[in-house]
Amino acid sequence: MADPLDKATSKAPATLGEGCLSRYDPDELSPEDGTEFPGAAELWEELQQEPEGAGLAENG
């Protein structure tokens, strides 16, 4: 029987930089580290479009 204390765990990929400059090391990433999000580009474009009338109001 398997050791009951040997549980499945996850581990973050290696990082580069420190503090607010910390980021995942792209050389250490593999397809298993990410998620598939085929609609990401379309969602980004949709979120970047400013809705009508959302600009700053003119003071006058």
If you go through the range 35-50 one residue at a time, how many are part of a helix (DSSP H, G or I) and more than 25 Å from Ala12 (Cβ to Cβ)?
6
Of the conditions (1) modelled with pLDDT of 90 or more; (2) surrounded by 10 or more Cβ atoms within 10 Å (Cβ to Cβ), the single one that Gly34 does not satisfy is (1)
If you scan the range 1-16, which residues turn out to be assigned to a loop (DSSP other than H, G, I, E, B) and surrounded by 10 or more Cβ atoms within 10 Å (Cβ to Cβ)?
Pro13, Ala14
Just to be sure before I move on: is Glu50 at pLDDT 90 or above and more than 16 Å from the chain's Cα centre (by Cα) in the structure I sent?
no
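The values are calculated or read from the model by the stated rules, or taken from the named source; none is laboratory data. Predicted model, so just to flag it, every value in this text is computed and none were measured. Cβ: placed from backbone, ideal geometry, glycine included. Neighbour counts: every protein chain shown.
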